[in-house]
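Take a look at the structure below.
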Amino acid sequence: MEITLIQGLLLFLVGFICALDAGLENFYWFRPLVVAFFAGIVVGDVQLGIACGAVAELSYLGLLTVGGTVPPDPLMAGMMTFVIAYTTGQDAKTALGLSLPFALLAQWVGIFFNTLYVGIAHKCDTYAVNGDTNRFGKLVVSGWLLKALVTGLLVFLCSYALQTPIQSFVNTFPTWLVHGFEVAGGILPAVGLGLLLMVSLNKENAPYLFLGFIMATFLDLPNVLPIAVVGVCLAYINYMHEKKVEESAAKITVNDFGGEEDGI
Amino acid sequence: MESRKLLKNGKSRGKLTKKDITKMSVLSFLEQASFSFERMQAPGFTLSMLPAAKKIFGDSKEDMAEFMTYNMEFINTEPHMATFLMGLILSMEEHGEDRKLIEGIRNGLFGPFAGLGDAIFWFTVLPISAAICCSLAQDGSILGPLLYIGIWLVAAISRIWFGSFGYKLGVKAVSTISEGTKYITKAAGILGVMVVGGLIPSYISLAFSESLKFGMGEGTTVQSVFDGILPNMLPLAIVFLIYWLFKKKNANVLVIILGIILFGIFMSFLGWM
């Protein structure tokens with residue numbers, strides 16, 4: 001289906017507002033689940049927005065954790081997964097794979113700004129030395145607004161202006177290619193989970209990973225909440241156990257020390 | 001009561017009210033504004049504390065300049081922990097603690113605090129809320145995104161509590177907090193890892209096509225062989241493969257994503273998946 005100019009402008013607004021939050025990571029409106037939902041509302045296909053958001057959210061789950069690097073942009077991924085699914089009529093998983101170039105584009109824009117804003121930090125140093133709180137505040141806030149504005153424009157261009165080229169490009173794909181993107185879309189959440197594990201998995205907690213996996217595989221659970229509750233219980237049991245071990249270890253050292261003194 | 005150190009212009013320090021701290025916490029929503037690779041969160045971090053600092057320092061430009069300068073040093077921490085740290089810093093400034101000490105505490109704590117905050121919000125709240133909300137969303141329920149927005153709204157508002165908590169504890173907090181950090185990080189690790197394990201079967205679809213048989217016996221497909229060993233073993237294997245590539249091979253995220261797309265296209269071309 002086509003995105004009208006009005007819808008394009010509304011998408012700009014969604015992009016701008018969500019990018020304001022992306023700059024702060026405060027309300028998590030930059031996450032694909034929220035972005036695609038809002039996009040679905042303004043375009044008038046909420047169901048598609050929710051479906052696209054769910055698929056994109058899981059793939060981008062761990063993507064902020066890679067220390068120091070800027071990952072493909074989750075905001076743009078959520079937005080373009082929806083836009084591509086809406087304009088080309090493809091399945092959400094296929095659209096997720098096709099949204100990658102746009103997420104990368106936004107990633108590069110992000111890197112550009114993070115480099116450019118080194119200049120803002122240096123200007124802030126000057127204001128700090130002079131104790132100039134007024135200019136300091138204005139500069140920091142305008143840096144934040146400018147980046148969000150550019151992201152909003154990028155959303156407008158990619159969704160409204162580029163929809164016809166995207167549509168005709170995707171329509172030339174043979175069935176196996178489209179299905180290939182769908183297969184890839186099914187595997188992509190593994191990237192997010194792999195990244196989460198990279199920072200949280202260690203020798204001590206590895207068994208818990210298998211526990212969660214086995215529960216989800218063999219029990220007919222409606223969602224992951226029961227697993228989370230069991231996780232909280234196990235974490236508490238582990239905490240109590242560790243505390244006890246540490247306390248008795250402390251006692252032993254004290255006793256040993258005392259014993260030696262007595263001996264002398 | 002011990003008398004507070006005077007400001008550099010000889011006047012006494014202004015006192016903060018509960019309202020000032022709440023205002024600081026709300027302003028701390030701007031903590032990552034104008035983030036840059038060199039100083040990271042420093043400009044926004046400094047900005048959030050300015051109105052409260054003005055109240056403490058009054059018209060002492062010299063104190064304000066010193067305060068802004070040390071806060072413009074590099075900082076990168078988890079946003080909730082940043083608000084907590086701001087409360088801590090303002091409490092110490094209000095009491096006229098030695099500025100070198102405050103600076104040391106600021107620079108020494110933001111790293112460990114980042115680890116703690118990430119363990120709570122990034123590795124625990126995010127995967128669990130995303131998992132629950134996405135499973136609602138996949139059933140087509142509008143509750144999925146709404147609940148997600150609600151959870152993170154509460155998380156954002158909780159920064160007001162983090163700010164006043166840091167302010168109340170003041171310098172006393174430092175030892176207590178670093179003691180608790182160890183346990184919380186570990187507990188969050190257990191919970192997070194377990195949820196990730198639970199997400200693997202439901203959110204990764206990786207299976208061979210029903211028609212792929214390789215001339216095996218009647219009714220046996222390649223996939224049924226895998227399922228016979230352990231259902232969902234392919235999704236589990238792919239997660240470990242990616243984990244290994246990241247951890248041991250320092251693989252680039254982009255390379256892995258492109259690799260998955262090429263793999264998907266290739267498998268589809270062969271008709272195997």
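The values are calculated or read from the model by the stated rules, or taken from the named source; none is laboratory data. All values derive from a computational prediction rather than experimental measurement. Quick reminder, even Gly has a Cβ in these numbers, built from the backbone with ideal geometry, and neighbours come from all protein chains shown. Accessible surface areas use protein heavy atoms only, side chains included; no ligands, DNA or RNA. Shrake-Rupley method; radii C 1.70, N 1.55, O 1.52, S 1.80 Å.
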Could you please find all residues in region A:93-132 being within 16 Å of B:GLN41 (Cα to Cα) and surrounded by 15 or more Cβ atoms within 10 Å (Cβ to Cβ)? A:GLY110, A:PHE113, A:ASN114, A:LEU116, A:TYR117, A:ILE120, A:ALA121, A:LYS123, A:CYS124, A:ASP125, A:ALA128
Which of the residues belonging to region A:91-144 are assigned to a helix (DSSP H, G or I) and of a type in the set (Ser, Thr, Tyr)? A:THR94, A:SER99, A:THR115, A:THR126, A:TYR127, A:THR133, A:SER142
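I need the full set of residues from region A:190-236 which are of a type in the set (Val, Ile, Thr) and over 13 Å from B:LEU236 (Cβ atoms), in order please.
Scanning region A:190-236 gives A:VAL191, A:VAL199, A:VAL224, A:ILE227, A:VAL229, A:VAL230, A:VAL232.
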B:SER158 being closer than 30 Å to A:ASN238 by Cβ and surrounded by fewer than 19 Cβ atoms within 10 Å (Cβ to Cβ): yes
Name the single residue that is most open to solvent (accessible area, probe 1.4 Å) among those in region A:19-63 being more than 8 Å from chain B (Cβ to nearest Cβ) and aromatic (Phe, Trp, Tyr). A:PHE38
With respect to B:GLY259, determine if the residue is among the small types (Gly, Ala, Ser), within 25 Å of the chain's Cα centre (by Cα) and either modelled with pLDDT of 90 or more or on the phi > 0 side of the Ramachandran plot (or both). no
Check off (1) surrounded by 15 or more Cβ atoms within 10 Å (Cβ to Cβ); (2) modelled with pLDDT of 85 or more; (3) among the β-branched types (Val, Ile, Thr) for A:VAL170 and give me the number that stays unchecked. (2)
Of the residues B:SER224, B:SER178, B:SER209, which single one is open to solvent by 30 Å² or more (accessible area, probe 1.4 Å), more than 8 Å from chain A (Cβ to nearest Cβ) and at pLDDT 80 or above? B:SER224
I'd like the full set of residues that are modelled with pLDDT under 95, outside any loop (DSSP other than H, G, I, E, B) and open to solvent by 10 Å² or more (accessible area, probe 1.4 Å), limited to region B:24-51. B:MET40
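Condition check ((1) over 25 Å from A:ALA56 (Cα atoms); (2) among the hydrophobic types (A, V, I, L, M, F, W, C); (3) at the interface with chain B (Cβ under 7 Å from one of its Cβ atoms)) across all residues:
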| residue | (1), (2), (3) |
| --- | --- |
| A:PHE173 | no, yes, no |
| A:LEU196 | no, yes, yes |
| A:GLY212 | no, no, yes |
| A:LEU225 | no, yes, yes |
| A:LEU234 | yes, yes, yes |
| A:SER248 | yes, no, no |
So, B:LYS54, is that one within 19 Å of B:ILE102 (Cα to Cα) and either open to solvent by 20 Å² or more (accessible area, probe 1.4 Å) or among the small types (Gly, Ala, Ser) (or both) or not? yes
